[in-house]
Amino acid sequence: MLVKAKQLHCQWDLSLNELQTISMEKTGIALMLRGGRQGPFIPTRDESSRKFLFKKIELAVNSFNSTAAVS
């Protein structure tokens, strides 16, 4: 979910079951949705922030997938 604090506006809201892959790019993180649809792109300026955020998304997706596989 991307929320802009000044505007209190949600630009996009994505369920983890819609997410197929994530990839780290030079300027941010690209999300690919199921069915080959292009998802949101999360721009990040510096590499350390990009790696941190990528790792957090990866952990959430892996946790979701492991609980979904058990259900």
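Each reported figure results from applying straightforward, stated rules to the coordinates on display, with no laboratory input. Just so you know, these numbers come straight off a predicted model, no measurement behind them. Virtual Cβ from ideal backbone geometry, glycine too; neighbours counted across all protein chains shown.
Key figures for this structure:
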item: Nearest 10 degrees, 0 to 90: helix 47-70 Cα axis against the chain principal axis; result: 20
item: Under-21-angstrom lysine pairs by C-alpha in the chain, whenever the two are 8 or more apart or on separate chains; result: 4
item: Helix-only [θ]222 nm of the chain, DSSP H runs n ≥ 4, -39500 (n - 2.57) each, per residue, nearest 500; result: -12000 deg cm²/dmol
item: Loop trypsin sites (Lys or Arg not before Pro), the stretch 1-66, which have at most 13 other Cβ atoms in a 10 Å radius of their Cβ (DSSP); result: K6, K26, R45
item: Additional length obtainable on full extension of the chain from F52 to K26, 0.36 nm per residue less Cα span; result: 8.0 nm
